[in-house]
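A short write-up of the structure that comes next.
The values are calculated or read from the model by the stated rules, or taken from the named source; none is laboratory data. Being a predicted model, the structure only gives us computed values, none of them experimental. Cβ coordinates were reconstructed from backbone atoms using ideal geometry, including for glycine residues, and neighbour counts include every protein chain displayed.
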């Protein structure tokens, strides 16, 4: 095993360290203490099994599919909880739009990560061919981090806002860039579509 292998495993461990606590928070929202302990235990066992299997056997499919499944759980449960917990229709719509932005960012990041894993050697050759300054466009692993960070931030922020009940006003301006900018773009495009 090389340092590169350990660095890669740490990088991939962080994917589950991001999603597992969000999944836990969503699945235990308004749950009994017994259910909370059960969900926590199950997620700990699944997390440990997936990561040990991935690290010891260098098994990619289980790791990638469980990460995709966790994104799906976050997406569906976030939208469900927003519908249930946010009484104001305008704020609910804004939060749904922000959540959809986060899901699209996560999904796009996941997509480019899969392409990067599949076509790493080809992308490296392309980067060497086009050279600087355009080579960064083909650094899909880097773009994966950018889009996953945006999606992860949105997931954490929205889940925190909704679960704590802090949704009595539009939260857009409380969120970090690029979320307010993108939320306003999504809102204005929906308004212009309705007017047409």
Test each condition in (1) part of a helix (DSSP H, G or I); (2) at pLDDT 85 or above for residue 176 and report the one that comes out false. (1)
Among (1) within 21 Å of the chain's Cα centre (by Cα); (2) surrounded by fewer than 19 Cβ atoms within 10 Å (Cβ to Cβ); (3) within 24 Å of residue 26 (Cα to Cα) - the single one residue 177 does not satisfy: (3)
Could you check, for region 135-150, whether at least one of its residues is buried (at least 18 other Cβ atoms within 10 Å of the Cβ), touching a residue at least 60 places away in the same chain (Cβ under 8 Å) and assigned to a helix (DSSP H, G or I)? yes
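This table checks each residue for (1) more than 19 Å from residue 149 (Cα to Cα); (2) surrounded by 12 or more Cβ atoms within 10 Å (Cβ to Cβ); (3) within 13 Å of the chain's Cα centre (by Cα).
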residue: 4; (1), (2), (3): yes, no, no
residue: 25; (1), (2), (3): no, yes, no
residue: 34; (1), (2), (3): yes, no, no
residue: 38; (1), (2), (3): yes, yes, no
residue: 44; (1), (2), (3): yes, yes, no
residue: 49; (1), (2), (3): yes, yes, no
residue: 57; (1), (2), (3): yes, no, no
residue: 70; (1), (2), (3): no, yes, yes
residue: 78; (1), (2), (3): no, yes, yes
Under 7 Å by Cβ, and 6 or more places apart or on different chains, what pairs join a residue from region 1-29 that is modelled with pLDDT under 85 with one that is assigned to a helix (DSSP H, G or I) and surrounded by 14 or more Cβ atoms within 10 Å (Cβ to Cβ)? 9/55; 12/54; 12/63; 13/51; 15/67
State which residue pairs qualify: first residue without any contact (Cβ under 8 Å) to a residue 12 or more places away in the chain and inside region 50-65, second residue surrounded by 12 or more Cβ atoms within 10 Å (Cβ to Cβ) and part of a loop (DSSP other than H, G, I, E, B) in any location, beta carbons under 6 Å apart, and separation of 6 or more residues or different chains. 53/59
State whether one or more residues within region 86-95 are more than 19 Å from residue 163 (Cβ to Cβ) and more than 20 Å from the chain's Cα centre (by Cα). yes
Inspect all residues belonging to region 158-167 and state whether any of them is in a loop (DSSP other than H, G, I, E, B), at pLDDT 85 or above and loosely packed, with under 12 Cβ neighbours inside 10 Å. yes
